[in-house]
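Peer 1: Attaching a single structure in structure tokens format; questions to follow.
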Amino acid sequence: MPKSNTFKLECNCGEVSIQVSGAPAARAYCHCHACQQFYGLPVLAANAWASDALAVTHGNGQLSTYQHPQLRMQRHYCAACGEVLFGSNRLGMAVIRTSLIARAFGGQLPEAYAPTFHLFYAYRLLDIQDALPKYSEGWDGPLHDD
Ligand SMILES: [Zn+2]
Ligand SMILES: [Zn+2]
């Protein structure tokens, strides 16, 4: 496992690269409807960082932003290949999918970036069998109980 907590991400076509520094503030699976629809995924597995942890190191001109029409959420994607490199959540944090983090580390997700809990599990499309805490909604609320 790499010891450094800085890594570099490249989009599919290589036009845009970003560098992410420091430990993530949160590592989670999010099952909420907004994430399902905005990212087109059954569940968003992602880490979140303060926005200043992230720097565009190449291709800033190709990095485009899509603003959610109602919610304070954004997708930041490469205009050339369309890949979403990161999102912004309602708290203004940069959200990066664990699949991209794994790619930055040669295809394996380091333990330091593995999700540690589930959010909005009441809205799930998939049942997940793991030992992680599963919050029915946000992490200030009750745990899912089955
Ligand atoms: Zn690209
Ligand atoms: Zn969500």
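What follows is calculated from the coordinates using simple rules that are stated; it is not laboratory data. Note that the coordinates shown come from a computational prediction; the quantities given were computed from them, not determined experimentally. With ideal geometry, Cβ positions are generated from the backbone for all residues, glycine too; neighbour counts draw on all protein chains shown.
Peer 1: Which ³J(HN,Hα) values in Hz, rounded to whole numbers, follow from the phi angles of segment 95-111 under the Karplus curve 6.51 cos²θ - 1.76 cosθ + 1.60, where θ = phi - 60° and Gly and Pro get x?
Peer 2: The phi angles translate into 10, 10, 5, 5, 5, 6, 5, 4, 4, 5, 9, x, x, 10, 7, x, 3 Hz.
Peer 1: Could you go through segment 34-39 in sequence order and give the Karplus-derived ³J(HN,Hα) for each residue, using 6.51 cos²θ - 1.76 cosθ + 1.60 with θ = phi - 60°, rounded to whole Hz, and x for Gly and Pro?
Peer 2: Here the 3J(HN,Hα) series is 4, 5, 3, 7, 6, 9 Hz.
Peer 1: Still on this structure: Residue by residue through segment 130-135, what is 3J(HN,Hα) from phi via Karplus (6.51 cos²θ - 1.76 cosθ + 1.60, θ = phi - 60°)? Round to whole Hz and write x for glycine and proline.
Peer 2: Per residue, the Karplus-derived 3J(HN,Hα) values read 8, 9, 6, x, 10, 7 Hz.
Peer 1: Set the Förster distance to 22 Å, then compute FRET efficiency between ALA55 and ALA102 from the Cβ-Cβ distance, nearest 0.05. Before the final figure, lay out the partial values.
Peer 2: Values: r = 20 Å, r/R0 = 0.93.
For R0 = 22 Å, the calculated efficiency reads 0.60.
Peer 1: Work from the charge dipole of the chain (Cβ charges, +1 for Lys and Arg, -1 for Asp and Glu, about the Cα centre) and give the residue of GLN67, LEU132, VAL95 farthest towards its positive end.
Peer 2: Sorting the options by dipole projection puts first GLN67.
Peer 1: Can you list the residues, at least 5 places off or on another chain, whose amide H is less than 5 Å from the amide H of ALA25, using H built in the peptide plane?
Peer 2: It is ALA48, TRP49, ALA50, by chain and number.
Peer 1: OK, next. Across segment 14-81, what fraction of all alpha-carbon pairs, as a whole percent, falls in each successive 10 Å bin from zero upward?
Peer 2: 18, 43, 38, 1
Peer 1: Please list, in chain and number order, the residues 5+ apart from LEU85 or on another chain whose amide H is under 5 Å from its amide H, with Hs placed from the backbone.
Peer 2: HIS76, TYR77, CYS78
Peer 1: Taking 8 Å as the Cα distance limit and 6 or more residues as the minimum spacing, I'd like the relative contact order of the chain as a percentage. If you can, show how the numbers build up before the last one.
Peer 2: Working: 297 pairs, mean separation 35.6, N = 146.
It rounds to 24 percent for the chain.
Peer 1: Hey, another quick one. Over the alpha-carbon set of the chain, work out the extent along each principal axis and list the three values in angstrom, largest first.
Peer 2: The Cα atoms of the chain stretch 47, 39, 24 Å along the principal axes, largest first.
Peer 1: When only Cα pairs under 8 Å and 6 or more residues apart are kept, what is the percent relative contact order across segment 1-75?
Peer 2: Values: 96 pairs, mean separation 21.7, N = 75.
Result for segment 1-75 is 29 percent.
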